[in-house]
Structure formats: structure tokens, C-alpha cells
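A quick write-up on the structure given underneath.
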Amino acid sequence: MKRFLFLVQIWLVSLLVCATLVTLCFVRLDVPVAERFWTTGRFLSPLGEAFDASVLLSIETLVALFLIVTRVVRGHLSRFAEVLALACLASICTYGINDEVLKPLFGVPMPAQVMQGARHAFNFLMGAGTSSFPSGHMILASAFAGVFMRLHRLSIWPLSALLVLAAVLLVVGDWHFVSDVIAGTFVGISAGILAGELWSVHSKLPQ
């Protein structure tokens, strides 16, 4: 119980820090940064096609299905395979919640729409799955990484570096605002760590 309360306190503090950063970036940085990279970001458009969310989701789905079938046939999976399957499922589920709940709730236009004259603002309950906030790509990647960060601590620094790289590319490529990637990272990692924590507790229960 004490561990649970401690983790909740850490998460609440992290939520406060994240909300503060998102607010500051939304007001001060988002539009200037998007304008700065508006021209140069177009050179990264091939990356957008190669790493489209539908492509990444398809890969995760195939990996998860393969591992589930393997578990049914063989009766067991290696520790790494279990974590990989959990990471894929956590990533897919969190992405779906973001697309169906969070993006429609906040309704922030994409950078391209803002550059074409749309107002950079929260349009509560007026968004869609194509809205900008939070970043779906960052949620997809961060939820996957969060599971490994919780269950394989040695992966924390390498995965953190990859998440930073992904965030920079999303902003420089004008796919997302700075506030989008910060919020997406927080939501994704929170979901991934939660999934990893629940799996850790489950795996210790008597069978």
C-alpha cells in the first residue's frame, strides 16, 4: 500500500510538471517553433509515410498476434517475448484511447492547419482523431517504451534517447507542436509503466 501511494504521489507531481510545461509551450513556443521549421520540415515528409501510425500499428498487431499464437501453441513464452507482447498491446490500446477520447476532447488543430490560418487553441469536444493534441505517434512509442522501462530497467536510457529523437523529428517535421509531443510522451509513458506494473504484480501471484 505504501508503495502504491508513493507511486501515485510521483505521478501527480509529474502530471503537474507536465501540465506546466504544456501550458508554457502552448502559449509561448508552439506557433513560433512551427513557423521556424515550416519550410525545412517538408524535406522530412518521406519519414511521415514510412512511419505512418497505420504502419506502426500494423507491425505491433502482427507481432502481438504472433506471440499470442506462439503462447497458445507452445504453452509458454520467454520473459522478453512476454514483455514485447505487453508493450505492443499497451501501445495499441493507448493509441486508440487517444484517437477516440483525448484528441476529440481537446480539439487542437494540426500545425499545417494553423499555418493556413486556423487558430492555435483548444476547441473542447470539437476535435477528431486527426487533431494534434496529444501526439498519437508519441503516445504509440512512449507506451511501448514505458512497458520496457518498467520491466527492463537497463532499457530506460536507450529508449529515452530514442523518444527524444522521435519528439524532435515530429516537431521539426511540422507534424506536431512542442506541447503535443510533451503531452503524448507523458500519457504514453504513464500507460506503459502502469501496464508494466500491473503485469509485474500479476506475474507474482500464485498460479
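General remarks:
- Within the range 73-126, the set of residues being more than 22 Å from the chain's Cα centre (by Cα), free of Cβ contacts under 8 Å to residues at least 60 places away in the same chain and open to solvent by less than 60 Å² (accessible area, probe 1.4 Å) comprises G75, L77, A118.
- In summary, R150 fulfils each of the numbered conditions (1) closer than 22 Å to Y95 by Cα; (2) open to solvent by 50 Å² or more (accessible area, probe 1.4 Å); (3) charged (D, E, K, R) with the single exception of condition (2).
- Residue list for the range 1-27, filter: without any contact (Cβ under 8 Å) to a residue 12 or more places away in the chain and among the small types (G, A, S): A19
- Of the candidates V83, V114, V69, V101, the single residue that is part of a helix (DSSP H, G or I) and more than 24 Å from G192 (Cα to Cα) is V114.
- Residues in the range 58-72 that are among the small types (G, A, S) and surrounded by 14 or more Cβ atoms within 10 Å (Cβ to Cβ): 1 in all.
- Scanning the range 174-194 for residues that are over 21 Å from A121 (Cα atoms) and open to solvent by less than 20 Å² (accessible area, probe 1.4 Å) yields G188, G192.
- Hits in the range 157-173 (condition: farther than 25 Å from F37 by Cα and either open to solvent by less than 60 Å² (accessible area, probe 1.4 Å) or in contact with a Cys (Cβ under 9 Å, 6 or more places away or on another chain) (or both)): L159
So that you can scan it fast, the table gives a plain yes or no per residue for (1) modelled with pLDDT under 80; (2) open to solvent by less than 60 Å² (accessible area, probe 1.4 Å); (3) part of a helix (DSSP H, G or I):
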| residue | (1), (2), (3) |
| --- | --- |
| V8 | no, yes, yes |
| C18 | no, yes, yes |
| V22 | no, yes, yes |
| E35 | no, no, yes |
| W38 | no, no, no |
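The values are calculated or read from the model by the stated rules, or taken from the named source; none is laboratory data. No experiment lies behind these values; they were computed from the predicted model shown. Note that each Cβ is placed from the backbone with ideal geometry, even for glycine, and that neighbours are counted across all protein chains shown. Surface accessibility is based on the protein's heavy atoms, side chains included, excluding ligands, DNA and RNA. Shrake-Rupley method; radii C 1.70, N 1.55, O 1.52, S 1.80 Å.
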